[in-house]
6 protein chains.
Amino acid sequence: MRPSQRNSDALREIRLTRHYTKHAEGSVLVEFGDTKVICTASVDESVPGFLKGKGKGWVTAEYGMLPRSTGSRMRREAAAGKQSGRTQEIQRLIGRSLRAVVDMEKLGERQIQIDCDVIQADGGTRTASITGAFVALHDAISGLLAQGKLSESPLRDFVAAISVGIHQGEVVLDLDYLEDSDCETDMNVVMTGNGRFVEVQGTAEGEPFSEEEMASMMRLAKQGIAELISLQKQALGV
Amino acid sequence: MRPSQRNSDALREIRLTRHYTKHAEGSVLVEFGDTKVICTASVDESVPGFLKGKGKGWVTAEYGMLPRSTGSRMRREAAAGKQSGRTQEIQRLIGRSLRAVVDMEKLGERQIQIDCDVIQADGGTRTASITGAFVALHDAISGLLAQGKLSESPLRDFVAAISVGIHQGEVVLDLDYLEDSDCETDMNVVMTGNGRFVEVQGTAEGEPFSEEEMASMMRLAKQGIAELISLQKQALGV
Amino acid sequence: MRPSQRNSDALREIRLTRHYTKHAEGSVLVEFGDTKVICTASVDESVPGFLKGKGKGWVTAEYGMLPRSTGSRMRREAAAGKQSGRTQEIQRLIGRSLRAVVDMEKLGERQIQIDCDVIQADGGTRTASITGAFVALHDAISGLLAQGKLSESPLRDFVAAISVGIHQGEVVLDLDYLEDSDCETDMNVVMTGNGRFVEVQGTAEGEPFSEEEMASMMRLAKQGIAELISLQKQALGV
Amino acid sequence: MRPSQRNSDALREIRLTRHYTKHAEGSVLVEFGDTKVICTASVDESVPGFLKGKGKGWVTAEYGMLPRSTGSRMRREAAAGKQSGRTQEIQRLIGRSLRAVVDMEKLGERQIQIDCDVIQADGGTRTASITGAFVALHDAISGLLAQGKLSESPLRDFVAAISVGIHQGEVVLDLDYLEDSDCETDMNVVMTGNGRFVEVQGTAEGEPFSEEEMASMMRLAKQGIAELISLQKQALGV
Amino acid sequence: MRPSQRNSDALREIRLTRHYTKHAEGSVLVEFGDTKVICTASVDESVPGFLKGKGKGWVTAEYGMLPRSTGSRMRREAAAGKQSGRTQEIQRLIGRSLRAVVDMEKLGERQIQIDCDVIQADGGTRTASITGAFVALHDAISGLLAQGKLSESPLRDFVAAISVGIHQGEVVLDLDYLEDSDCETDMNVVMTGNGRFVEVQGTAEGEPFSEEEMASMMRLAKQGIAELISLQKQALGV
Amino acid sequence: MRPSQRNSDALREIRLTRHYTKHAEGSVLVEFGDTKVICTASVDESVPGFLKGKGKGWVTAEYGMLPRSTGSRMRREAAAGKQSGRTQEIQRLIGRSLRAVVDMEKLGERQIQIDCDVIQADGGTRTASITGAFVALHDAISGLLAQGKLSESPLRDFVAAISVGIHQGEVVLDLDYLEDSDCETDMNVVMTGNGRFVEVQGTAEGEPFSEEEMASMMRLAKQGIAELISLQKQALGV
């Protein structure tokens, strides 16, 4: 039995609360059980230097955790004077995942900056971030369409992410902190609405895993992401 | 008339939500109208180097704003690699304000670390932070008392903070962003439950102010803080 | 009796030595007793980015202490790789104080950069800095007028600063290091020549202070600043 | 046809030159075609703080590129004052990959520090680094065994890494720079000698990939890694 | 007898391997005995800001050591977040030495960036760097001439560098690590092909040195540099 | 004729003012004409980590320039967040020069920290710093002897520094800023009281220099340093 009493293929309770804060063009509180992340999408009517004058847009992401979002307090990265390797890895992953479903020509010469800030952590902050950030991005783009700044949506598909892993010999979906800190393998999977892969990042924390285990994990991830995308659609009313 | 239609001596709607996140020993969402700050208190059973072996405790604070807590996105301080002068000023102020009501001998050789993170800003983030942080600190100390780690509370009094200022010639209480960005004078006042001053920081943004204006602002602040402390007591059920 | 044998309302011996170094457009050695600060004003015929093309000028300030200006050696900030929170607070205060008496339209699109470097510290370095920096600024502006780069002075008034505090129960003026490190309350006040307040920053180091003590401190500060401004005028021969 | 005229399942020419530099306990020049990386293993008879007194060892890695190892010169990270997110991602991956085959209890309280420095880059620097670093690690451990500091090897298995990807619709092995900069999907796979997975990191650069493509890539990687491990064994003479 | 059995006026074996890596416009592996440095010259068709529009070029240099190029591992400067004072001193010296023989008007508005990276250190890394970097620079310039980007060589002369010192009372040429770490005086000398001095940097590590010793060292350096320049010419086939 | 009307072998007016500031164990204002540097020596009864428990002391130095010590304002290094390469080169030179005349065993396990801060620059700040710092160091050591913390002076000799150079074809002593910015060769020489060399650092800014010019410069430096050491003795009354 999983520590949370869930079935091996059960997601935690997922909530997507739109318009969570008032300033951002998209602002979503995403909850995967006790993991809570504020995802905002900010529209910037200019692009980074390397894209100036090319008629293409950009989507980028930053990630952070409040110092006491975790069981014991972590050092504040702004005070430490740098972002950790883990933070950079995660924010690069979020950015790549979202860019995979955006047509940059259609977005035009503007940038959408995603911020994912974890206010409470219980495992799966990166997958919750990607899943919530997509909804914030969708809201920001709807705003641009409503204002007439875009005539056609640059979104090519939906995108969401989930973790799968091997915990006490069993392939499980959506690991919480207890499972995550005690699993043999942890894999984060990012997929689109049409069931194709954008990112697969699997790490054997303990025993290396086999081809069959890999395939099982992929299958479970696929199912979980289908559920998440259905929840995104429901939240967005589309 | 004030932009918010409030009377000159009216606070915004104040809310103090305790146990807002689950990990911290004290965790409070404080709202001064649209200004929303998560304040956590983390107990650390050790002290900074300069206090080792002296039998005394310490209270310190850090402050941050989510990049899109504001009308236009600010650069993330962790990415910039340093905290701004403004951030440092505010976190030093929060720390001093709380230490003013804590008996460090009674706290014993442990540190309480306060984190104030603004998730939505509409003026007055530092006064909201101090007011909310005191409640988080109170909860953390209650926990230490309940666990028998402290036999007597080290809290000597309550403490809260409010801004006063001169806006369009009128002395007003608890300025929101619209007033703050257009006022002649802005003053932040920190007071204890017994009506004495811990900090007074007034700045003439436009025209310098007179002794009489100063006295009026002090009076208004005193009244506002009495209200805030009454709300703190109500939230804490004491 | 005060450690320095001064009356409670007595300033230390104040000296303002103009043209202290040869390169800067304004260069003043200010001494408040044993506190000695070199204040220079450097004219830069350009403005920061946010002011470009607006026809307005800017005044900004930086502050530093020589590592052995103090009783025990402090770490050199350039070697540490950052300015402390205290340094940033002080330099922001100096900049705001001077800007309060400068008409930025009249200054035109140029910047005056103030540097205050403490070569010997004995309490009150920030108030000495503001008081000396104003004289250096005045000299720099006189130079611009003499060269015909300005036709009218952008200075609207004089400005000076002094500390007041409560030391052993008594309200005292211009605290030296011995008093400063042992006072109940320390307040820095910045005022203009016409007797109005620009900045008031009071902190209860020990016991919080009352409204009456606040009023006494303000009165004493007002008197001290009138004396300082008279000394500035004498030094400038105006 | 691939730009390099290789078959889709062909590795580039692989060379592993041991004892490449004289100071390090293990020192290997690894070449995957035109990609050349110096991998050194340095034995440190102490462990990081978090492992002190636990009787366990540690293996960690750092990665860098000479500024002109690439087609156009990159900024030197030491001069820039920080390692890029990409650098940190890669060095974390190298460290995790090697730790997966080391028994930390058997290694004892000492650390082996891997350095992978790219002197010429043509795609696949991270997979070359892992493959070469394992050989350097093996040499360092053989040295500890020869000196009697270890009585039993802490190595549980071999480990190597290869990239696979989808280039112009075809699944290919060991992408060089030309393919890498123009592929639809790029996947780095780390496997042990017994054919199990340690890390799988796949990214759709263009079109997301299907479950079938994923499986094909995994199969090709498995074959490539078997070849690499055979080359490692040959180089080590085991 | 010297630890290396060399005569007091003997250089170590010197090798200059051109075209060592494939991307750079000039790429040389220079070996002074066991000291091995990769020197690359990268042509950048733009100049630093202070030279824009002046019709003049620039040559600049950076220096680094692989962490395990030395007997015990050094901290990686990119990870430490800054270059040491020693590194900066050396790279400034390399840059000045090369600029001494380049006619910046003839070079035209372009920059040549030298990178010297030590892969194995055994004393004399800075003199090897200068000697090898000149050859890389020469190759880069030959390339510009061949492409017709330059019609005339901006090189005014050759330049090379050698160390001399006093070891166990004897004046010796080209100190290796064993001598360097145990010498009384260490002097680095940079000279041109016509036998004039560009840089002389002598430091008494132990006993200060006399005018006569200084003269002996200069004479020995002059001879050594003549040999080095002859080797440079041979390597370049000129 | 030199711009300053001095003879080629004439020093500028040299002043050494002891006890310039009140806190440091040694505090000297050194003036070489218009170049003015505050040199302090601070005694620290502990040593850096690498010397702990070895019974030996250490002397180290830091150097800085006030932002407007120069003709146009330089960026404050503390604000820039790092010391320039030039600053580091100079402070390393000052430290080495002073250590050359100190017997570290006799100094015992304590550190003397030198700070050289330029308040006005007109060429030769590093030579003035070394010359003044020696006097501050002497005073600090006299204090330790007077307090009985040392029974015997660890100073083995005096040390001073001067620049020589080739200006408009003539070998000149003690270059001021006008000469320095327009010379062909600039050489800084550090010598002891007994006329031996501690450091020689010569750079051809324009035309490389010959062996004969080198010898002339050395001779002139020797004479200048003899004068400086005589002035140091006079200032110290020894």
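The values are calculated or read from the model by the stated rules, or taken from the named source; none is laboratory data. Remember, it's a predicted structure, so these values are computed and weren't measured experimentally. Here the Cβ is made from the backbone with ideal geometry for all residues, glycine too, and neighbour counts use every protein chain on show. These accessible areas exclude ligands, DNA and RNA; they are computed on the full protein's heavy atoms, side chains included. Shrake-Rupley method; radii C 1.70, N 1.55, O 1.52, S 1.80 Å.
Any idea which of E:Gly202, E:Gly165, E:Gly195 is among the small types (Gly, Ala, Ser), at the interface with another protein chain (Cβ under 10 Å from one of its Cβ atoms) and open to solvent by less than 10 Å² (accessible area, probe 1.4 Å)? Break it down into steps so the answer makes sense when it comes.
On the way: E:Gly165 fails: at the interface with another protein chain (Cβ under 10 Å from one of its Cβ atoms); E:Gly195 fails: open to solvent by less than 10 Å² (accessible area, probe 1.4 Å).
Only one candidate qualifies: E:Gly202.
Could you look through region C:108-139, keep only residues that are within 11 Å of chain F (Cβ to nearest Cβ) and over 20 Å from F:Ala78 (Cα atoms), and pick out the one that is farthest from the chain's Cα centre (by Cα)?
Within region C:108-139, the first condition is being within 11 Å of chain F (Cβ to nearest Cβ), and the residues that meet it are C:111-122, C:136.
Going one step further and asking which of them are over 20 Å from F:Ala78 (Cα atoms), we end up with C:111, C:122, C:136.
Details: C:Gln111: 18, C:Asp122: 15, C:Ala136: 11 Å.
Taking the candidates together, the pick is C:Gln111.
Between a first residue in region F:205-219 that is more than 15 Å from E:Glu212 (Cα to Cα) and a second residue that is among the basic types (Lys, Arg), which pairs have beta carbons less than 7 Å apart while being 6 or more apart in sequence or on different chains?
So the pair list comes out as F:Pro208/E:Arg196; F:Phe209/E:Arg196; F:Ser210/E:Arg196.
What residue, of C:Ser129, C:Ser153, is over 27 Å from C:Ser69 (Cα atoms), modelled with pLDDT of 95 or more and out of contact with any Pro (no Cβ under 9 Å at 6 or more places or on another chain)? Don't jump to the end; show me each part of the working.
Working: C:Ser129 fails: over 27 Å from C:Ser69 (Cα atoms).
Just a single option satisfies the conditions, and that option is C:Ser153.
Tell me whether region A:68-85 contains one or more residues that are more than 12 Å from chain B (Cβ to nearest Cβ) and under 29 Å from B:Arg92 (Cα atoms). Talk me through it step by step, then tell me what you get.
To start, the set of residues in region A:68-85 that are more than 12 Å from chain B (Cβ to nearest Cβ) comprises A:85.
Still in the running and under 29 Å from B:Arg92 (Cα atoms): A:85.
Yes: region A:68-85 contains one or more residues that are more than 12 Å from chain B (Cβ to nearest Cβ) and under 29 Å from B:Arg92 (Cα atoms).
Hey, any hits in region D:229-238 for a residue that's within 14 Å of chain A (Cβ to nearest Cβ) and closer than 21 Å to D:Ala10 by Cα?
Restricting attention to region D:229-238, the residues satisfying the condition of being within 14 Å of chain A (Cβ to nearest Cβ) are D:229.
From the residues that got through so far, the ones that are closer than 21 Å to D:Ala10 by Cα too are D:229.
Checked against the condition, which is being within 14 Å of chain A (Cβ to nearest Cβ) and closer than 21 Å to D:Ala10 by Cα, region D:229-238 yields at least one hit.
Out of the residues in region C:80-98 that are at pLDDT 95 or above and among the charged types (D, E, K, R), which is least open to solvent (accessible area, probe 1.4 Å)?
The qualifying residue least open to solvent (accessible area, probe 1.4 Å) is C:Glu89.
Is there a residue being buried (at least 22 other Cβ atoms within 10 Å of the Cβ), within 21 Å of A:Lys36 (Cβ to Cβ) and within 14 Å of chain A (Cβ to nearest Cβ) anywhere in region B:9-19?
Scanning region B:9-19 turns up no residue that is buried (at least 22 other Cβ atoms within 10 Å of the Cβ), within 21 Å of A:Lys36 (Cβ to Cβ) and within 14 Å of chain A (Cβ to nearest Cβ).
Quick one: how many residues across region F:1-17 are closer than 9 Å to F:Asp174 by Cβ and out of contact with any strand residue (DSSP E or B) (no Cβ under 9 Å at 6 or more places or on another chain)?
Result for region F:1-17: 0.
I need the full set of residues from region C:126-153 which are touching a Ser or Thr at 6+ places or on another chain (Cβ under 6 Å) and among the polar types (S, T, N, Q), in order please.
The answer is C:Thr127, and nothing else.
Run B:Val43 past the list (1) away from chain A (no Cβ under 12 Å); (2) modelled with pLDDT of 95 or more; (3) open to solvent by 30 Å² or more (accessible area, probe 1.4 Å) and report the number of the one that doesn't hold.
(1)
Which condition from (1) open to solvent by less than 10 Å² (accessible area, probe 1.4 Å); (2) under 27 Å from E:Gln147 (Cβ atoms) is the one that E:Thr35 breaks?
Result: E:Thr35 fails condition (2) only.
Okay, residues lined up against (1) closer than 22 Å to A:Ala100 by Cβ; (2) β-branched (Val, Ile, Thr):
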site: A:Val135; (1), (2): yes, yes
site: A:Lys149; (1), (2): no, no
site: A:Glu170; (1), (2): no, no
site: A:Thr192; (1), (2): yes, yes
site: A:Glu205; (1), (2): no, no
site: A:Met217; (1), (2): yes, no
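From B:Glu25, B:Glu109, B:Glu62, B:Glu77, grab the single residue that is more than 17 Å from B:Asp176 (Cα to Cα) and surrounded by fewer than 20 Cβ atoms within 10 Å (Cβ to Cβ). Can you show your working first?
Working: B:Glu25 fails: surrounded by fewer than 20 Cβ atoms within 10 Å (Cβ to Cβ); B:Glu62 fails: surrounded by fewer than 20 Cβ atoms within 10 Å (Cβ to Cβ); B:Glu77 fails: surrounded by fewer than 20 Cβ atoms within 10 Å (Cβ to Cβ).
Among B:Glu25, B:Glu109, B:Glu62, B:Glu77, only B:Glu109 is more than 17 Å from B:Asp176 (Cα to Cα) and surrounded by fewer than 20 Cβ atoms within 10 Å (Cβ to Cβ).
Go through region B:147-162 and give me each residue that's in a strand (DSSP E or B) and either open to solvent by less than 30 Å² (accessible area, probe 1.4 Å) or of a type in the set (D, E, K, R) (or both).
Taking region B:147-162 and keeping what is in a strand (DSSP E or B), we get B:155, B:159-162.
The answer is B:Val159, B:Ala160, B:Ala161, B:Ile162.
Look through B:Glu184, B:Glu170, B:Glu211 and report the one residue that is at the interface with chain C (Cβ under 8 Å from one of its Cβ atoms), open to solvent by 20 Å² or more (accessible area, probe 1.4 Å) and more than 16 Å from the chain's Cα centre (by Cα).
On the way: B:Glu184 fails: at the interface with chain C (Cβ under 8 Å from one of its Cβ atoms); B:Glu170 fails: at the interface with chain C (Cβ under 8 Å from one of its Cβ atoms).
Result: B:Glu211 is the single residue among B:Glu184, B:Glu170, B:Glu211 that is at the interface with chain C (Cβ under 8 Å from one of its Cβ atoms), open to solvent by 20 Å² or more (accessible area, probe 1.4 Å) and more than 16 Å from the chain's Cα centre (by Cα).
Taking only pairs six or more apart or across chains, which ones have beta-carbon atoms under 8 Å, a first residue in region F:2-22 that is free of Cβ contacts under 8 Å to residues at least 24 places away in the same chain, and a second residue that is among the β-branched types (Val, Ile, Thr) and open to solvent by 40 Å² or more (accessible area, probe 1.4 Å)?
Listed by first residue and then by second, the contacts come to nothing, as the list is empty.
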